[in-house]
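For reference, the structure discussed in these notes is given below.
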Amino acid sequence: MSQQPVVAVLGLGAMGHAFAANLLKKGFTVRGWNRTRAKGEDLVAAGLTLSDSAAQAVEGADVVIAMLADGATTRTTINQVQNALQQGATVAQMGTIGVEATDALIAGLAAARPDVVFIDAPVSGTKAPAENAQILVMASGDRQRAQAAEQVFAAIGKGTQWLGAAGASSRMKLVVNSWLIGLMQSLAESTRLAEQFGFTTDDLWQVLEGGPLAAPYAKMKLGMIASGDFTPQMHLIWALKDARLALDAAGDASLPALENIVDVWQQAVDAGYGEQDLAAVYQYLKR
Ligand SMILES: NC(=O)c1ccc[n+]([C@@H]2O[C@H](COP(=O)([O-])OP(=O)(O)OC[C@H]3O[C@@H](n4cnc5c(N)ncnc54)[C@H](OP(=O)(O)O)[C@@H]3O)[C@@H](O)[C@H]2O)c1
């Protein structure tokens, strides 16, 4: 019958739900688990086997995707499932959990389950690209043993960039997100300045459009600012988590702007903007 691997998705939030939906659309056998079961129930009609525990979900899975909020949750969940993983299974950790948690996962799994292949595989792209299978997977680990994972990545994304030994991708993910976070803060501040001078977001975009500063990401976020609709593509609270993870792992690299952004974004979270899209920092600056 099918050569497709059986996949378990642990975490059916914005991103994990999109991964599971795309895998089901492409004919994979998908098992799923989410702490809040209701978030996976709409996928049952599409063929998802929804389990009540993470350990139950991974039984018989060739590839296990972890797409959970943070490092602590991911480590707890992987600990709970590690004895239930089938022999030679692949675990693909796809959340943004930073360097320390990733390195601890790699060491823990290598000690407890040396037969298991661990692929460090965070992604670039938010909810809408995930729903449209347009994310980029940054993969690191033993590529020779990752054929099953590569099939899964091909089904949920537009490409996979291999970066070396496991752990490299989680480092690169922090690099990418520190760029994204800086861009967002700069765009929010520039928009505030434009308004101060009597310009609209359209005026600003018309000047940028067609030139080297016209980042598609900036266009999307300017659209959110113009509409006032900050329905989360990426929660501000998770972006703040990522900024902190980058600072925690930065070592000797001096990142003063990122340090300031963490202070400002923490204030925005304290003011109640955490569950909105990170573009809501603009609203916070405007309040
Ligand atoms: N959204 C993006 O743009 C984006 C892009 C790239 C990477 N990421 C990263 O991908 C990961 C998931 O992001 P997301 O946007 O899918 O977040 P999300 O929608 O908030 O989903 C978070 C997931 O983690 C689960 N979770 C949280 N705390 C838990 C706990 N204590 N125990 C068990 N499960 C718990 C949630 O379960 P419940 O449903 O029960 O709360 C849910 O399944 C994060 O690391 C994020 O930084 C996000």
Legend entry - Tally of residues being within 12 Å of the ligand (Cβ to nearest atom), touching a strand residue (DSSP E or B) at 6+ places or on another chain (Cβ under 9 Å), among the hydrophobic types (A, V, I, L, M, F, W, C) and over 17 Å from Leu68 (Cβ atoms) across the stretch 124-140: 2
Inset, instruction - Kindly provide the set of residues from the stretch 86-99 that are away from the ligand (no atom under 14 Å from the Cβ) and touching a Leu at 6+ places or on another chain (Cβ under 9 Å), ordered by number. - result: Val91
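Scan Ser178, Ser169, Ser124, Ser140 and give me the residue that is in contact (Cβ under 8 Å) with a residue 60 or more places away in the chain and within 24 Å of Gly16 (Cα to Cα).
On the way: Ser169 fails: in contact (Cβ under 8 Å) with a residue 60 or more places away in the chain; Ser124 fails: in contact (Cβ under 8 Å) with a residue 60 or more places away in the chain; Ser140 fails: in contact (Cβ under 8 Å) with a residue 60 or more places away in the chain.
When all the criteria are applied, what remains is Ser178.
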Inset, instruction - Check the stretch 54-71 and report whether any residue there is within 9 Å of the ligand (Cβ to nearest atom), surrounded by fewer than 23 Cβ atoms within 10 Å (Cβ to Cβ), of a type outside the set (A, V, I, L, M, F, W, C) and closer than 15 Å to Gly108 by Cα. - result: yes
Inset, instruction - For the stretch 258-280, enumerate the residues that are among the aliphatic types (A, V, I, L, M) and surrounded by 13 or more Cβ atoms within 10 Å (Cβ to Cβ). - result: Leu258, Ile261, Val262, Val264, Ala268, Val269, Leu278, Ala279, Ala280
Legend entry - Test: residue in the stretch 188-207 that is more than 16 Å from Ala280 (Cα to Cα), at pLDDT below 95 and part of a helix (DSSP H, G or I): no
Legend entry - Tally of residues being in contact (Cβ under 8 Å) with a residue 40 or more places away in the chain and either within 16 Å of the ligand (Cβ to nearest atom) or not aromatic (Phe, Trp, Tyr) (or both) across the stretch 102-121: 6
Inset, instruction - Could you check, for the stretch 201-215, whether at least one of its residues is in contact (Cβ under 8 Å) with a residue 60 or more places away in the chain and either within 16 Å of the ligand (Cβ to nearest atom) or surrounded by fewer than 14 Cβ atoms within 10 Å (Cβ to Cβ) (or both)? - result: no
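The values are calculated or read from the model by the stated rules, or taken from the named source; none is laboratory data. Since the structure is predicted, the reported quantities are computational estimates derived from the model, not experimental observations. Methodologically, a virtual Cβ is constructed for each residue, glycine included, from the backbone with ideal geometry; neighbour enumeration extends over all protein chains shown.
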